[in-house]
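Since the structure comes first, as structure tokens, the remarks are kept for the end.
The values are calculated or read from the model by the stated rules, or taken from the named source; none is laboratory data. Note that the coordinates shown come from a computational prediction; the quantities given were computed from them, not determined experimentally. Here Cβ is always computed from backbone atoms with ideal geometry, including for glycine, and neighbour counts include all displayed protein chains.
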Amino acid sequence: MLEQVQSLLSQAKKQIEECQDLKVLNDIRVEYLGKQGKITNLLHSMKDIDKEERPKAGQLINSARQEIEGLIKDVQIKLNEKVLEEKMANEKVDISEPSKVIEKGEIHPLHKVFDKLIDACVSMGFTVLTGPEVEYDYYNFEALNVPKDHPARDMQDTFFITDNILMRSQTSSVQVRAMQSMKPPFKIVSPGRTYRADSDATHSPVFHQFEGLVVDKNVSMVDLKSMLTQLLKMLFGENTKIRFRPSYFPFTEPSVEVDATCPSCGGKGCRLCKNTGYMELLGAGMVNPKVLEMSGIDSNQYTGFAFGPGVDRLAMVVNKIPDLRMMFENDMKFLEQMK
Ligand code: PHE
């Protein structure tokens, strides 16, 4: 018996010492100590030996069993450490490596100007209203005092879809929709896309306007001037001055062209403003009483003013962009510069 135990023990020791793998180690444990294991079987065979020898044999087997268990535990700890070390080595994080740059999106320069205009006007109590880009001739022209064959139609090279349907050439169409759906007094602005058959450095077939309309009792040119001064100051800074020049629009009377001191030189004169110190920014005027009447507003009771800057032009001025078309090309190099 003694010999049997000793030979099993030394066999097991050798196997355990040579073992390099946790799975194999578990197999060894099962081989010796499992339910059908070699040591376990020895314990079962105790019933075949003499009664007097049993306690001694039992002791012997049990101490062999303990020794094997102990050895397995030691090797298990060592192998676990090895596995951990390998894992650490493989998953090492090099904190000195340069980090990846995550590209960040930006709001388009044109929309930044739209956002500023909208924020400024909402803070002054205006409601934002939008209208369709594919529009009836009636809203774009007729109801704005531009009947068919009126020479003023030549001011805008319009894309017609049918005789009566067109791509709106101005956001002034939304003025009419507002006047016909709202009861005065009201103040609305309407940002949006507009279309004309035009293309050069300062014109694009698709461009953007920002229409404003105020209808109330006793509204005058003074209100228009103070409101626009405030708006353009919010956009270009406190020191901005504005000036009115006489102009003509069929839907406003009197009509003006509005200039602001050049945001680049502050009015001293520079290349951007062609040394005039001023930038031409928008058309405006008092709503023609005929236009109010056509939309069912009593022009004896109410007056109104309207204004309509080209937003692309404002964005060009704000960002010193030389060619308007650059804003629609989605060239990443250009957009990066606008950040
Ligand atoms: N709609 C005019 C244009 O496109 C601008 C404008 C708007 C003029 C409102 C007066 C009042 O030229």
Those helices (runs of 4 or more DSSP H) completely within the stretch 1-94 that have 1 or more residues that are among the small types (Gly, Ala, Ser) and more than 60 Å from the chain's Cα centre (by Cα) are 2-18, 54-90
Just need a number here: residues in the stretch 63-82 that are surrounded by 12 or more Cβ atoms within 10 Å (Cβ to Cβ) and touching a Leu at 6+ places or on another chain (Cβ under 8 Å).
9
Restricting the first residue to the stretch 228-242 and requiring it to be more than 14 Å from PHE210 (Cα to Cα), which pairs with a second residue that is small (Gly, Ala, Ser) and in a loop (DSSP other than H, G, I, E, B) meet a Cβ separation below 7 Å and a spacing of at least six or different chains?
ASN239/GLY266; LYS241/GLY267
Filtered residues of the stretch 126-146 (kept if out of contact with any Gly (no Cβ under 9 Å at 6 or more places or on another chain) and under 17 Å from GLY304 (Cβ atoms)):
THR127, LEU129, ALA143, LEU144, ASN145
Checking the structure you have, find out if any residue of the stretch 154-165 is within 14 Å of the ligand (Cβ to nearest atom) and without any contact (Cβ under 8 Å) to a residue 24 or more places away in the chain.
yes
Does GLY267 qualify as being over 23 Å from PHE305 (Cα atoms), in the same structural domain as MET124 (by TED's automatic domain parsing), of a type in the set (Gly, Ala, Ser) and more than 33 Å from the chain's Cα centre (by Cα)?
yes
The stretch 281-312, residues that are over 21 Å from VAL146 (Cα atoms) and without any contact (Cβ under 8 Å) to a residue 24 or more places away in the chain
ASN300
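Looking only at residues that are polar (S, T, N, Q) and over 21 Å from MET179 (Cα atoms) in the stretch 216-267, which one is surrounded by the fewest Cβ atoms within 10 Å (Cβ to Cβ)? So that I can check it myself, show each step before the final result.
Of all residues in the stretch 216-267, those polar (S, T, N, Q) come to 218, 220, 226, 229-230, 239-240, 247, 252, 255, 261, 264.
This time we only want the ones that are over 21 Å from MET179 (Cα atoms), so: 226, 229-230, 239-240, 247, 261, 264.
On the way: SER226: 12, THR229: 15, GLN230: 16, ASN239: 10, THR240: 20, SER247: 14, THR261: 22, SER264: 17.
The extreme case among them is ASN239.
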In the stretch 157-183, the residues that are surrounded by fewer than 18 Cβ atoms within 10 Å (Cβ to Cβ) and over 11 Å from GLU135 (Cα atoms)
ASP157, ASP163, GLN180, SER181, MET182, LYS183
How many residues does the stretch 297-320 contain that are crowded, with 20+ Cβ neighbours inside 10 Å and outside any helix (DSSP H, G or I)?
9
